[in-house]
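Reviewing the structure listed below.
The values are calculated or read from the model by the stated rules, or taken from the named source; none is laboratory data. Since we're looking at a predicted model, the values are computed, not measured. Cβ placement follows ideal geometry from the backbone for every residue including glycine, while neighbour counts extend to all protein chains displayed.
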Ligand SMILES: *[C@@H]1O[C@H](CO)[C@@H](O)[C@H](O)[C@H]1NC(C)=O
(Lines give C-alpha, C1' and ligand atoms only; values in the text may rest on other atoms or scores of the structure.)
Protein backbone atom coordinates (compact mmCIF):
# COMPACT_ATOMS: atom_id res chain seq x y z
CA UNK A 1 0.00 0.00 0.00
CA UNK A 2 1.11 3.46 -0.63
CA UNK A 3 -0.45 5.76 1.98
CA UNK A 4 1.77 8.61 1.06
CA UNK A 5 0.37 8.73 -2.51
CA UNK A 6 -3.25 8.63 -1.38
CA UNK A 7 -2.62 11.34 1.14
CA UNK A 8 -1.04 13.56 -1.49
CA UNK A 9 -3.99 13.15 -3.82
CA UNK A 10 -6.47 13.88 -1.04
CA UNK A 11 -4.60 16.98 0.03
CA UNK A 12 -4.58 18.30 -3.50
CA UNK A 13 -8.28 17.52 -4.02
CA UNK A 14 -9.19 19.21 -0.76
CA UNK A 15 -7.20 22.29 -1.61
CA UNK A 16 -8.73 22.56 -5.09
CA UNK A 17 -12.26 22.07 -3.78
CA UNK A 18 -11.65 24.63 -1.05
CA UNK A 19 -10.27 27.13 -3.53
CA UNK A 20 -13.24 26.74 -5.90
CA UNK A 21 -15.65 27.15 -2.99
CA UNK A 22 -13.79 30.26 -1.90
CA UNK A 23 -14.05 31.70 -5.41
CA UNK A 24 -17.80 31.03 -5.57
CA UNK A 25 -18.44 32.62 -2.17
CA UNK A 26 -16.24 35.59 -2.99
CA UNK A 27 -18.00 36.14 -6.32
CA UNK A 28 -21.48 35.79 -4.76
CA UNK A 29 -20.69 38.17 -1.92
CA UNK A 30 -19.12 40.68 -4.25
CA UNK A 31 -22.09 40.79 -6.60
CA UNK A 32 -24.80 40.93 -3.95
CA UNK A 33 -23.32 43.47 -1.52
CA UNK A 34 -22.10 46.04 -4.05
CA UNK A 35 -24.13 45.94 -7.22
CA UNK A 36 -22.93 48.64 -9.58
CA UNK A 37 -25.69 50.52 -11.28
CA UNK A 38 -25.46 53.09 -13.99
CA UNK A 39 -27.22 55.60 -11.76
CA UNK A 40 -24.39 55.38 -9.21
CA UNK A 41 -22.15 57.14 -11.71
CA UNK A 42 -22.41 60.68 -12.99
CA UNK A 43 -20.83 62.20 -16.08
CA UNK A 44 -19.01 65.40 -15.11
CA UNK A 45 -19.37 66.80 -18.61
CA UNK A 46 -23.17 66.44 -18.40
CA UNK A 47 -23.04 67.95 -14.92
CA UNK A 48 -21.09 70.96 -16.23
CA UNK A 49 -23.67 71.50 -18.97
CA UNK A 50 -26.48 71.17 -16.42
CA UNK A 51 -24.69 73.54 -14.04
CA UNK A 52 -24.34 76.21 -16.75
CA UNK A 53 -28.03 75.96 -17.58
CA UNK A 54 -29.10 75.87 -13.92
CA UNK A 55 -27.14 79.07 -13.22
CA UNK A 56 -28.82 80.71 -16.21
CA UNK A 57 -32.34 79.54 -15.27
CA UNK A 58 -31.75 80.96 -11.79
CA UNK A 59 -30.43 84.15 -13.35
CA UNK A 60 -33.66 84.49 -15.33
CA UNK A 61 -35.65 84.35 -12.08
CA UNK A 62 -33.35 86.99 -10.59
CA UNK A 63 -34.02 89.22 -13.62
CA UNK A 64 -37.79 88.63 -13.42
CA UNK A 65 -37.80 89.35 -9.68
CA UNK A 66 -36.39 92.81 -10.22
CA UNK A 67 -39.50 93.86 -12.15
CA UNK A 68 -41.89 92.74 -9.44
CA UNK A 69 -42.27 94.28 -6.05
CA UNK A 70 -39.26 93.06 -4.12
CA UNK A 71 -40.42 91.21 -1.08
CA UNK A 72 -37.45 91.89 1.16
CA UNK A 73 -37.14 90.04 4.41
CA UNK A 74 -34.26 89.85 6.78
CA UNK A 75 -32.62 86.57 7.73
CA UNK A 76 -31.15 88.49 10.66
CA UNK A 77 -27.89 90.29 10.99
CA UNK A 78 -24.43 88.93 10.33
CA UNK A 79 -21.96 88.84 13.18
CA UNK A 80 -20.61 92.18 11.97
CA UNK A 81 -24.04 93.80 12.02
CA UNK A 82 -24.70 93.89 8.28
CA UNK A 83 -28.25 93.10 7.24
CA UNK A 84 -28.71 89.65 5.67
CA UNK A 85 -31.73 90.11 3.41
CA UNK A 86 -33.60 87.54 1.34
CA UNK A 87 -36.09 88.27 -1.44
CA UNK A 88 -38.66 86.31 -3.42
CA UNK A 89 -36.09 86.25 -6.20
CA UNK A 90 -33.73 84.25 -3.96
CA UNK A 91 -36.45 81.63 -3.50
CA UNK A 92 -37.51 81.58 -7.16
CA UNK A 93 -33.92 81.16 -8.27
CA UNK A 94 -33.40 78.43 -5.66
CA UNK A 95 -36.41 76.50 -7.01
CA UNK A 96 -35.16 76.72 -10.60
CA UNK A 97 -31.57 75.79 -9.77
CA UNK A 98 -32.00 73.25 -6.98
CA UNK A 99 -34.90 71.28 -8.46
CA UNK A 100 -33.59 71.68 -11.99
CA UNK A 101 -30.47 69.80 -10.87
CA UNK A 102 -32.28 67.38 -8.54
CA UNK A 103 -34.85 66.40 -11.17
CA UNK A 104 -32.04 65.77 -13.67
CA UNK A 105 -29.78 63.81 -11.29
CA UNK A 106 -32.01 62.43 -8.48
CA UNK A 107 -29.13 60.89 -6.53
CA UNK A 108 -27.05 64.07 -6.56
CA UNK A 109 -26.37 65.82 -3.23
CA UNK A 110 -27.07 69.53 -3.61
CA UNK A 111 -26.54 72.14 -0.88
CA UNK A 112 -28.20 75.50 -1.40
CA UNK A 113 -28.07 78.79 0.46
CA UNK A 114 -31.89 78.86 0.38
CA UNK A 115 -34.65 76.33 0.89
CA UNK A 116 -38.05 76.29 -0.72
CA UNK A 117 -41.08 77.85 0.85
CA UNK A 118 -44.29 75.82 0.98
CA UNK A 119 -44.93 76.10 -2.75
CA UNK A 120 -45.52 72.82 -4.60
CA UNK A 121 -44.68 74.34 -8.00
CA UNK A 122 -41.13 74.86 -6.73
CA UNK A 123 -40.33 71.16 -6.92
CA UNK A 124 -41.85 70.50 -10.33
CA UNK A 125 -39.02 71.87 -12.46
CA UNK A 126 -38.46 70.07 -15.77
CA UNK A 127 -35.20 68.13 -16.03
CA UNK A 128 -32.34 69.94 -17.72
CA UNK A 129 -31.41 68.88 -21.26
CA UNK A 130 -27.77 67.86 -20.85
CA UNK A 131 -27.41 67.10 -24.57
CA UNK A 132 -28.21 70.67 -25.52
CA UNK A 133 -25.38 72.73 -26.98
CA UNK A 134 -24.96 75.35 -24.31
CA UNK A 135 -24.95 78.79 -25.90
CA UNK A 136 -21.55 80.37 -26.36
CA UNK A 137 -19.91 77.42 -24.63
CA UNK A 138 -19.63 75.03 -27.55
CA UNK A 139 -16.16 74.25 -26.18
CA UNK A 140 -17.83 71.99 -23.59
CA UNK A 141 -19.03 69.65 -26.31
CA UNK A 142 -15.46 68.95 -27.36
CA UNK A 143 -14.44 67.85 -23.89
CA UNK A 144 -14.23 64.21 -22.83
CA UNK A 145 -16.83 62.41 -20.77
CA UNK A 146 -15.66 61.70 -17.25
CA UNK A 147 -17.56 59.37 -14.93
CA UNK A 148 -17.35 59.60 -11.15
CA UNK A 149 -19.37 58.05 -8.32
CA UNK A 150 -22.32 60.28 -7.56
CA UNK A 151 -21.84 59.57 -3.81
CA UNK A 152 -18.48 61.37 -4.01
CA UNK A 153 -20.07 64.52 -5.49
CA UNK A 154 -21.42 67.50 -3.56
CA UNK A 155 -22.93 70.40 -5.48
CA UNK A 156 -23.04 73.80 -3.79
CA UNK A 157 -25.38 76.43 -5.21
CA UNK A 158 -25.91 80.09 -4.47
CA UNK A 159 -29.18 81.14 -6.13
CA UNK A 160 -28.46 84.89 -5.66
CA UNK A 161 -25.13 86.21 -4.47
CA UNK A 162 -25.11 89.88 -3.34
CA UNK A 163 -28.79 90.05 -2.33
CA UNK A 164 -28.19 93.29 -0.40
CA UNK A 165 -26.87 95.01 -3.55
CA UNK A 166 -29.72 93.48 -5.58
CA UNK A 167 -32.21 95.24 -3.31
CA UNK A 168 -30.23 98.47 -3.79
CA UNK A 169 -30.28 98.16 -7.58
CA UNK A 170 -26.51 97.56 -7.78
CA UNK A 171 -27.07 94.75 -10.26
CA UNK A 172 -23.51 94.50 -11.58
CA UNK A 173 -22.48 92.58 -8.44
CA UNK A 174 -25.25 89.98 -8.65
CA UNK A 175 -24.36 86.42 -9.64
CA UNK A 176 -25.79 82.91 -9.48
CA UNK A 177 -23.31 80.11 -8.78
CA UNK A 178 -23.01 76.35 -9.09
CA UNK A 179 -20.04 74.33 -7.88
CA UNK A 180 -19.19 70.66 -8.17
CA UNK A 181 -16.93 69.24 -5.46
CA UNK A 182 -15.57 65.71 -5.60
CA UNK A 183 -14.59 64.21 -2.23
CA UNK A 184 -14.58 67.76 -0.88
CA UNK A 185 -12.34 69.25 -3.60
CA UNK A 186 -13.89 71.91 -5.87
CA UNK A 187 -13.54 70.72 -9.47
CA UNK A 188 -16.15 72.57 -11.56
CA UNK A 189 -17.34 76.13 -10.93
CA UNK A 190 -19.94 78.20 -12.80
CA UNK A 191 -20.56 81.90 -12.13
CA UNK A 192 -23.38 83.57 -14.05
CA UNK A 193 -24.00 87.34 -14.17
CA UNK A 194 -27.72 87.66 -15.01
CA UNK A 195 -27.59 91.38 -15.78
CA UNK A 196 -24.75 91.31 -18.34
CA UNK A 197 -25.63 88.47 -19.10
CA UNK A 198 -22.46 86.40 -19.00
CA UNK A 199 -21.48 82.96 -17.76
CA UNK A 200 -17.96 81.98 -16.70
CA UNK A 201 -16.90 78.48 -15.80
CA UNK A 202 -13.81 76.48 -15.00
CA UNK A 203 -13.13 72.75 -14.89
CA UNK A 204 -10.03 72.16 -12.81
CA UNK A 205 -7.27 70.24 -14.65
CA UNK A 206 -9.14 70.82 -17.94
CA UNK A 207 -9.99 74.35 -19.01
CA UNK A 208 -11.74 77.60 -18.20
CA UNK A 209 -14.54 79.01 -20.38
CA UNK A 210 -13.25 80.77 -23.48
CA UNK A 211 -14.41 84.20 -22.19
CA UNK A 212 -11.91 84.10 -19.28
CA UNK A 213 -8.88 86.14 -20.34
CA UNK A 214 -5.26 85.19 -19.87
CA UNK A 215 -3.54 87.47 -17.36
CA UNK A 216 0.22 87.95 -17.78
CA UNK A 217 2.27 87.73 -14.60
CA UNK A 218 3.76 91.03 -13.39
CA UNK A 219 6.09 90.75 -10.42
CA UNK A 220 5.93 94.53 -9.87
CA UNK A 221 2.27 94.16 -8.81
CA UNK A 222 3.60 93.06 -5.44
CA UNK A 223 4.88 96.65 -4.91
CA UNK A 224 1.38 98.10 -5.24
CA UNK A 225 -1.16 95.31 -5.01
CA UNK A 226 -4.81 95.98 -5.76
CA UNK A 227 -6.83 94.35 -2.98
CA UNK A 228 -10.58 93.91 -3.16
CA UNK A 229 -12.54 93.70 0.09
CA UNK A 230 -16.19 93.42 1.00
CA UNK A 231 -18.36 96.49 0.64
CA UNK A 232 -20.95 95.32 3.17
CA UNK A 233 -18.70 94.05 5.93
CA UNK A 234 -15.27 95.63 5.40
CA UNK A 235 -14.44 95.27 9.10
CA UNK A 236 -10.81 96.04 9.79
CA UNK A 237 -9.73 94.39 6.58
CA UNK A 238 -8.76 97.64 4.79
CA UNK A 239 -6.32 98.54 7.52
CA UNK A 240 -5.00 94.97 7.72
CA UNK A 241 -4.31 94.96 3.97
CA UNK A 242 -2.33 98.22 4.07
CA UNK A 243 -0.31 97.12 7.08
CA UNK A 244 0.42 93.71 5.57
CA UNK A 245 1.19 94.61 1.95
CA UNK A 246 2.69 98.09 2.29
CA UNK A 247 1.63 101.75 1.96
CA UNK A 248 1.17 101.57 -1.82
CA UNK A 249 -1.56 98.97 -1.46
CA UNK A 250 -4.73 100.01 -3.24
CA UNK A 251 -7.84 98.84 -1.38
CA UNK A 252 -11.05 98.65 -3.41
CA UNK A 253 -14.49 97.61 -2.22
CA UNK A 254 -16.98 95.49 -4.10
CA UNK A 255 -19.88 93.18 -3.32
CA UNK A 256 -20.58 89.52 -3.93
CA UNK A 257 -17.96 86.85 -3.37
CA UNK A 258 -18.53 85.59 -6.92
CA UNK A 259 -17.92 89.06 -8.35
CA UNK A 260 -14.77 89.60 -6.28
CA UNK A 261 -13.20 86.26 -7.14
CA UNK A 262 -13.95 86.84 -10.83
CA UNK A 263 -12.13 90.18 -10.52
CA UNK A 264 -9.03 88.28 -9.37
CA UNK A 265 -9.52 85.70 -12.13
CA UNK A 266 -9.58 88.42 -14.83
CA UNK A 267 -6.72 90.44 -13.34
CA UNK A 268 -8.72 93.49 -12.17
CA UNK A 269 -7.49 92.79 -8.63
CA UNK A 270 -4.33 91.06 -7.44
CA UNK A 271 -6.05 89.68 -4.38
CA UNK A 272 -9.32 89.28 -2.60
CA UNK A 273 -9.06 89.37 1.17
CA UNK A 274 -12.02 88.42 3.34
CA UNK A 275 -11.63 88.76 7.10
CA UNK A 276 -14.96 87.61 8.51
CA UNK A 277 -16.88 84.33 8.47
CA UNK A 278 -18.18 83.30 5.08
CA UNK A 279 -20.33 80.44 3.75
CA UNK A 280 -19.11 77.79 1.36
CA UNK A 281 -21.80 78.41 -1.31
CA UNK A 282 -20.25 81.89 -1.63
CA UNK A 283 -16.79 80.43 -2.27
CA UNK A 284 -16.95 77.03 -3.96
CA UNK A 285 -17.55 78.06 -7.60
CA UNK A 286 -14.89 80.78 -7.44
CA UNK A 287 -12.51 78.31 -5.78
CA UNK A 288 -12.88 75.90 -8.71
CA UNK A 289 -12.48 78.67 -11.32
CA UNK A 290 -9.41 80.28 -9.71
CA UNK A 291 -7.78 76.83 -9.47
CA UNK A 292 -8.52 76.19 -13.14
CA UNK A 293 -6.46 79.29 -14.08
CA UNK A 294 -3.67 78.18 -11.67
CA UNK A 295 -4.57 80.68 -8.96
CA UNK A 296 -5.40 79.82 -5.37
CA UNK A 297 -8.04 80.23 -2.68
CA UNK A 298 -7.16 79.35 0.92
CA UNK A 299 -8.03 80.44 4.42
CA UNK A 300 -5.74 83.16 5.74
CA UNK A 301 -3.80 80.36 7.46
CA UNK A 302 -3.10 78.80 4.08
CA UNK A 303 -5.49 75.84 4.41
CA UNK A 304 -7.59 74.71 1.50
CA UNK A 305 -11.35 74.60 2.04
CA UNK A 306 -13.21 71.29 2.38
CA UNK A 307 -16.53 71.20 0.49
CA UNK A 308 -17.65 67.71 1.60
CA UNK A 309 -21.33 67.05 2.21
CA UNK A 310 -20.95 66.65 5.97
CA UNK A 311 -18.56 69.58 6.48
CA UNK A 312 -19.47 72.82 8.27
CA UNK A 313 -21.03 75.28 5.78
CA UNK A 314 -19.11 78.13 7.40
CA UNK A 315 -15.47 79.05 6.84
CA UNK A 316 -13.96 80.87 9.80
CA UNK A 317 -10.68 82.70 9.95
CA UNK A 318 -10.82 84.65 6.67
CA UNK A 319 -10.06 83.84 3.05
CA UNK A 320 -7.30 84.86 0.61
CA UNK A 321 -7.69 84.57 -3.18
CA UNK A 322 -4.91 85.29 -5.69
CA UNK A 323 -4.07 84.46 -9.27
CA UNK A 324 -0.32 84.80 -8.61
CA UNK A 325 2.11 84.95 -5.66
CA UNK A 326 -0.29 83.36 -3.17
CA UNK A 327 2.37 82.30 -0.68
CA UNK A 328 4.04 85.72 -0.83
CA UNK A 329 0.80 87.46 0.23
CA UNK A 330 -0.08 84.73 2.72
CA UNK A 331 3.24 85.14 4.51
CA UNK A 332 2.69 88.91 4.81
CA UNK A 333 -0.59 88.49 6.67
CA UNK A 334 -0.57 88.72 10.45
CA UNK A 335 -1.14 85.37 12.20
CA UNK A 336 -4.67 86.27 13.20
CA UNK A 337 -6.84 88.57 11.14
CA UNK A 338 -10.25 87.75 12.55
CA UNK A 339 -9.56 87.44 16.24
CA UNK A 340 -11.30 84.06 16.23
CA UNK A 341 -8.34 81.76 16.76
C1 LIG B 1 -13.38 91.58 -14.44
O2 LIG B 1 -14.12 91.28 -13.27
C3 LIG B 1 -14.65 92.40 -12.60
C4 LIG B 1 -15.27 91.90 -11.33
O5 LIG B 1 -16.12 90.80 -11.53
C6 LIG B 1 -15.62 93.14 -13.51
O7 LIG B 1 -16.09 94.30 -12.88
C8 LIG B 1 -14.92 93.51 -14.79
O9 LIG B 1 -15.85 94.06 -15.69
C10 LIG B 1 -14.27 92.30 -15.43
N11 LIG B 1 -13.48 92.72 -16.56
C12 LIG B 1 -13.48 92.09 -17.71
C13 LIG B 1 -12.60 92.63 -18.76
O14 LIG B 1 -14.17 91.10 -17.91
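In the range 1-104, which helices (runs of 4 or more DSSP H) lie fully inside it and hold 1 or more residues that are at pLDDT 95 or above and surrounded by 14 or more Cβ atoms within 10 Å (Cβ to Cβ)? Spell out how you get there, then give the answer.
Details: elements: 3-33, 44-67, 88-94, 100-104.
Where helices (runs of 4 or more DSSP H) fall fully within the range 1-104 and carry at least 1 residues being at pLDDT 95 or above and surrounded by 14 or more Cβ atoms within 10 Å (Cβ to Cβ), they are 44-67, 88-94, 100-104.
Filtering the range 222-248 down to residues that are over 19 Å from residue 278 (Cα atoms) and buried (at least 21 other Cβ atoms within 10 Å of the Cβ), which residue is nearest to the ligand (Cβ to nearest atom)? So that I can check it myself, show each step before the final result.
Restricting attention to the range 222-248, the residues satisfying the condition of being over 19 Å from residue 278 (Cα atoms) are 222-226, 239, 242-248.
Filter once more, keeping what is buried (at least 21 other Cβ atoms within 10 Å of the Cβ): 225, 245.
Working: 225: 16, 245: 20 Å.
Selected residue: 225.
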### Query
Failed condition for residue 202, given (1) out of contact with any helix residue (DSSP H, G or I) (no Cβ under 7 Å at 6 or more places or on another chain); (2) under 19 Å from residue 56 (Cβ atoms); (3) within 16 Å of the ligand (Cβ to nearest atom), with all others met?
(1)
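Does residue 212 satisfy being within 13 Å of the ligand (Cβ to nearest atom) and in contact (Cβ under 8 Å) with a residue 12 or more places away in the chain?
On the way: within 13 Å of the ligand (Cβ to nearest atom): yes; in contact (Cβ under 8 Å) with a residue 12 or more places away in the chain: yes.
Spelling it out, residue 212 is indeed within 13 Å of the ligand (Cβ to nearest atom) and in contact (Cβ under 8 Å) with a residue 12 or more places away in the chain.
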### Query
Taking the range 263-274 as the region of interest, how many residues are surrounded by 24 or more Cβ atoms within 10 Å (Cβ to Cβ) and within 11 Å of the ligand (Cβ to nearest atom)?
4
